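The values are calculated or read from the model by the stated rules, or taken from the named source; none is laboratory data. Model, not experiment: these values are computed from the prediction. Here the Cβ positions follow ideal geometry from the backbone for every residue, glycine too, while neighbour counts run over all protein chains shown. Accessible surface areas use protein heavy atoms only, side chains included; no ligands, DNA or RNA. Shrake-Rupley method; radii C 1.70, N 1.55, O 1.52, S 1.80 Å.
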Amino acid sequence: MRTLFRAGALSAVAASAVLCLPAAAHATAPGDNGTVKIHDSATGEELRRNEPHVCTFYLDAFGFDRAQQVDWHIEAWAPTAGDKGETVRSGALTLDGEGHGRTADLTLPDGHYKLFWNFAGEKGSAKHKVFWTDCGEDATAPAPSASASASEAPAETPAAEAAPSSSPSPQGGEGDLAETGNGAPVGLLSAAAAALLGAGGYLVLRRRRA
């Protein structure tokens with residue numbers, strides 16, 4: 001009877017140990033079950049997709065330990081980096097009670113970069129993400145200035161080149177004769193000369209008759 005009791009007790013202890021193994025294994029692996037994503041500034045925090053091509057962006061972490069302390073930095077990366085491995089941005093972050101957290105919005109010059117995500121309890125190397133920033137800075141060209149537009153407009157016709165005036169000339173209307181140097185009309189001079197010739201001829205004829 002005692003032998004059966006001891007065998008049952010040992011079986012119960014062994015079963016309890018087997019059932020507790022998963023929980024114990026989970027409790028001894030802090031931190032490494034989380035993930036970090038690159039998000040465009042317009043992407044919601046609840047989405048767990050990674051966006052490797054961004055302009056303004058933030059770092060979004062999920063599934064880490066409660067109140068996990070994180071240190072991160074971003075390095076310039078080939079092929080666009082002038083000096084590969086140069087740290088261009090860094091910071092620290094405390095995650096919330098669900099192991100979630102995000103940074104403020106970040107900006108970097110257009111290029112290729114690599115994020116390094118470090119935390120207490122990590123196994124092996126830091127978590128990392130490679131991404132590109134491209135804000136299309138060359139896409140916006142300055143608008144033409146107002147002075148340039150004005151210079152291309154056709155010149156207006158000067159007032160002096162308008163239609164000819166219909167007002168009469170101060171020297172008379174159409175059909176007036178040209179004037180001599182003393183201002184007398186040619187017609188009047190011709191009439192006076194004819195009158196003088198006529199008077200001279202009359203006087204000559206009268207003498208002859210006398």
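Using the structure shown, decide if residue 42 is modelled with pLDDT of 90 or more, open to solvent by 80 Å² or more (accessible area, probe 1.4 Å) and either outside any strand (DSSP E or B) or in contact with a Gly (Cβ under 6 Å, 6 or more places away or on another chain) (or both).
On the way: modelled with pLDDT of 90 or more: yes; open to solvent by 80 Å² or more (accessible area, probe 1.4 Å): yes; either outside any strand (DSSP E or B) or in contact with a Gly (Cβ under 6 Å, 6 or more places away or on another chain) (or both): yes.
Yes.
For region 90-110, taking the residues that are of a type in the set (A, V, I, L, M, F, W, C) and touching a Leu at 6+ places or on another chain (Cβ under 9 Å), the one that is farthest from residue 56 (Cα to Cα) is identified as 93.
Can you list the strands (runs of 3 or more DSSP E) found entirely within region 57-115 that contain at least 3 residues being closer than 24 Å to residue 34 by Cα, in contact (Cβ under 8 Å) with a residue 40 or more places away in the chain and open to solvent by 10 Å² or more (accessible area, probe 1.4 Å)? Spell out how you get there, then give the answer.
Values: elements: 57-62, 69-76, 87-94.
Where strands (runs of 3 or more DSSP E) fall fully within region 57-115 and carry at least 3 residues being closer than 24 Å to residue 34 by Cα, in contact (Cβ under 8 Å) with a residue 40 or more places away in the chain and open to solvent by 10 Å² or more (accessible area, probe 1.4 Å), they are 69-76.
Based on this model, can you work out whether residue 26 counts as under 29 Å from residue 134 (Cα atoms) and either touching a strand residue (DSSP E or B) at 6+ places or on another chain (Cβ under 6 Å) or at pLDDT below 90 (or both)? So residue 26 does not fit the description; no. The condition of being modelled with pLDDT of 95 or more and out of contact with any strand residue (DSSP E or B) (no Cβ under 7 Å at 6 or more places or on another chain) holds for residue 107. Within region 118-135, if we keep just the residues that are over 22 Å from residue 94 (Cα atoms) and of a type in the set (A, V, I, L, M, F, W, C), the residue that is surrounded by the fewest Cβ atoms within 10 Å (Cβ to Cβ) turns out to be 130.
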